[in-house]
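The values are calculated or read from the model by the stated rules, or taken from the named source; none is laboratory data. For clarity, every value in this text was computed on a predicted model and none was experimentally measured. Here the Cβ positions follow ideal geometry from the backbone for every residue, glycine too, while neighbour counts run over all protein chains shown. Quick note on the areas: whole protein, heavy atoms, side chains included, nothing else; ligands and nucleic acids left out. Shrake-Rupley method; radii C 1.70, N 1.55, O 1.52, S 1.80 Å.
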Amino acid sequence: MEYRELEQLVIKWADEKGIFEKGNTMAQAEKTHEEVLELMSAIDNDDNGEIVDALGDILVTIIIQAEMQGLSLEDCLLSAYNVISKRKGKMINGKFVKE
């Protein structure tokens with residue numbers, strides 16, 4: 001299955017669950033935060049299965065957030081790439097730190 005098809009299935013699922021009708025963008029952001037914390041825990045525990053699950057869940061929450069905001073996730077990614085592609089910095093303690 002291609003990414004765009006999966007994205008549309010996630011949007012359809014969220015609509016069927018009433019997330020767009022009854023949810024709000026801040027609650028959705030909080031859900032993303034929860035999933036990021038789960039990812040951090042999975043990384044800390046070196047649990048590959050949970051890492052896969054958390055990354056997938058994060059993507060689901062971000063797809064829903066973009067739809068709630070009336071944004072294209074692809075446009076958001078392109079916008080971010082256009083910024084980071086020109087960014088300078090260096091690695092410090094395992095992290096890229098921008099200038």
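Compute, for the range 1-73, the length of the dipole vector about the Cα centre, with Cβ point charges of +1 (Lys, Arg) and -1 (Asp, Glu) only. Units Debye, rounded to 20.
420 debye
Can you work out the Karplus-derived ³J(HN,Hα) for every residue in the range 6-11? Use 6.51 cos²θ - 1.76 cosθ + 1.60 with θ = phi - 60°, whole Hz, and x for glycine or proline.
Taking θ as phi minus 60°, the curve returns 4, 4, 5, 5, 5, 4 Hz for the range 6-11.
Under 18 Å Cα to Cα from K22, which lysines show up? Leave out anything in the same chain fewer than 8 places away.
Once the sequence-local lysines are set aside, what remains near K22 is K12, K31.
Before I look further, what does the chain give for accessible area per residue, probe 1.4 Å, in whole square angstrom? Each step should come with its number before you reach the end.
Values: 7760 Å² over 99 residues.
With all protein chains present, the chain gives 78 Å² per residue.
Of all the accessible heavy-atom surface of the chain, with the other protein chains kept in place and a 1.4 Å probe, what percent is carbon and sulfur?
So the carbon and sulfur contribution to the accessible surface is 55 percent.
So how far apart, in nm, are the two label points at E2 and V52 if each is 7 Å from Cα heading toward Cβ?
Output for this residue pair reads 2.4 nm.
With springs only between Cα atoms under 10 Å apart, run a GNM on the chain and tell me which of S41, S85, S72 wobbles the most.
S85
Can you list the lysines whose alpha carbon is less than 22 Å from that of K86, not counting same-chain residues fewer than 8 positions off?
Of all the lysines, those that pass the test against K86 - Cα under 22 Å, at least 8 places apart if same chain - are K95, K98.
Between the helical axis of 25-44 and the dominant principal axis of the chain, each derived from Cα atoms, what acute angle in degrees is found, rounded to the nearest 10?
With both axes taken from Cα atoms, the answer is about 50 degrees.
At 222 nm, what value in deg cm²/dmol follows for the chain if DSSP H runs of at least 4 each add -39500 (n - 2.57) and the sum is divided by all its residues, to the nearest 500?
On the way: 5 runs with 72 residues, N = 99.
Result for the chain: -23500 deg cm²/dmol, rounded to the nearest 500.
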